[in-house]
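Input: a single structure, listed below in structure tokens.
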Amino acid sequence: MKEKKILIVLASFYKDISSEMFKALKEHDYADKEKYFTNMINVPGIFEIPITISKYINNYDGFVALGCVIKGETPHFDFISSSTTDAIMKLSIENKKPIGNGIITCLNKKQAKERTSKSVEALKAVVNVLSQSNKSYT
């Protein structure tokens, strides 16, 4: 099997949260690690994740979107979260490439810190999809 390339796009708006998300990834030992090459790009916030993935869509086999949005007092949280999630899904479907959505949407920093392991779940999802066989079961 050819080595698969995965790009991790990490939004660093909440530096302490993104650092913990990255730390969780580094500590995680996913199956068949030698079959995957990962690279990482930092972006300012989650809104920049879809455009970054779009720029590199032909250079990687899969992507992991990581970051955090914490609800404030305005509807900004809803608009940013929804539009980013929609754009990620659209990119994934149109390009037939897995994009693990590890973007944490929380009400406060305490919740976000408790969910930094979502980065590992997003990576596992991408690895799972990339390792699926092309066999059809009819």
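With the alpha-carbon atoms as the only input, what is the per residue convex hull volume for region 4-130 in Å³? Walk me through the numbers on the way to the answer.
Numbers: hull volume 11.1 nm³, N = 127.
Per residue, the Cα convex hull of region 4-130 comes to 87 Å³.
For region 1-86, which trypsin sites (Lys or Arg not before Pro) pass both filters: DSSP loop (anything but H, G, I, E, B) and at most 10 other C-beta atoms within 10 Å?
Details: sites: Lys2, Lys4, Lys5, Lys15, Lys23, Lys26, Lys33, Lys35, Lys55, Lys71; in loops: Lys2, Lys71.
In loop regions of region 1-86 (DSSP not H, G, I, E or B), the sparsely surrounded trypsin sites (Lys or Arg not before Pro) are Lys2.
Add +1 for every Lys or Arg and -1 for every Asp or Glu among the other residues with Cβ under 15 Å from the Cβ of Leu7, and state the total.
Details: positive: Lys4, Lys5, Lys55, Lys97; negative: Glu3, Glu48, Asp61.
Result for the neighbourhood of Leu7: +1.
Tell me, what is the FRET efficiency for Met89 and Ile57 to the nearest 0.05, using R0 = 22 angstrom and their Cβ-Cβ distance as r?
Values: r = 14 Å, r/R0 = 0.63.
Rounded to the nearest 0.05, the efficiency is 0.95.
What does the net charge come to around Asn101 if you take all other residues with beta carbon closer than 14 Å to its beta carbon, with K and R at +1 and D and E at -1?
Values: positive: Lys90, Lys97, Arg115, Lys118, Lys124; negative: Asp86, Glu121.
So the surrounding residues net to +3.
We did not get these values from a lab; they are worked out from the coordinates using the rules stated. Treat the numbers as computed from the prediction; the structure is a model and nothing was measured. All Cβ positions, even for glycine, are placed from backbone atoms using ideal geometry, and neighbour counts span all protein chains on display.
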